[in-house]
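The values are calculated or read from the model by the stated rules, or taken from the named source; none is laboratory data. It should be emphasised that the depicted structure is a prediction, and the values quoted were computed from it without experimental measurement. Virtual Cβ from ideal backbone geometry, glycine too; neighbours counted across all protein chains shown.
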Amino acid sequence: MPVDINGNTVKVGSKVRVLHIDPKITEYLPEEEVTDLDSMLNEVLEVYEIDEYDCAWVEKWWDRGDGQTESHSLSLSSAEMELV
């Protein structure tokens with residue numbers, strides 16, 4: 001079971017604040033995607049999956065207009081999230 005930066009247990013359905021995004025993730029992405037991912041910093045998002053490495057997965061959706069939506073998922077380690 002993963003834990004947050006303070007040692008609190010995180011599970012599917014938990015709400016966590018994104019504290020850090022590893023710059024290696026955005027290093028080769030287009031600027032628009034980097035902007036989207038950067039907007040996830042300090043956001044409170046719901047954990048939808050715990051992977052085999054005990055990382056918590058969160059997702060954010062954007063309304064692009066004209067019925068278009070887009071999302072990004074992000075895997076968070078203990079140091080990158082805080083349970084709220």
Open item on the list: Being over 13 Å from the mean Cα position of the chain (by Cα), within 22 Å of LEU83 (Cβ to Cβ) and not hydroxyl-bearing (Ser, Thr, Tyr) is true for just one of PRO2, PRO23, PRO30. Which residue is that?
Closed with: PRO2
- [ ] For TRP62, work out the one condition from (1) closer than 12 Å to MET81 by Cβ; (2) of a type outside the set (Asp, Glu); (3) at pLDDT below 95 it doesn't fulfil.
- [x] (1)
Open item on the list: Can you pull out every residue in region 21-41 that is exposed (fewer than 10 other Cβ atoms within 10 Å of the Cβ) and part of a loop (DSSP other than H, G, I, E, B)?
Closed with: GLU27, TYR28, PRO30
Open item on the list: For region 52-70, which positions are in contact with a helix residue (DSSP H, G or I) (Cβ under 9 Å, 6 or more places away or on another chain) and either more than 17 Å from HIS20 (Cβ to Cβ) or of a type in the set (Asp, Glu) (or both)?
Closed with: ASP54, TRP62, GLU70
Open item on the list: What pairs come out if I take residues in region 17-44 that are more than 12 Å from HIS72 (Cβ to Cβ) and pair them with residues that are of a type in the set (Lys, Arg) and part of a loop (DSSP other than H, G, I, E, B) whose C-beta lies under 6 Å away, six or more apart or interchain?
Closed with: none
Task: Residue in region 40-56 that is charged (D, E, K, R) and touching a Phe, Trp or Tyr at 6+ places or on another chain (Cβ under 6 Å) present - done: yes
- [ ] Scan region 55-84 for residues that are part of a loop (DSSP other than H, G, I, E, B) and surrounded by fewer than 18 Cβ atoms within 10 Å (Cβ to Cβ) and report the count.
- [x] 4
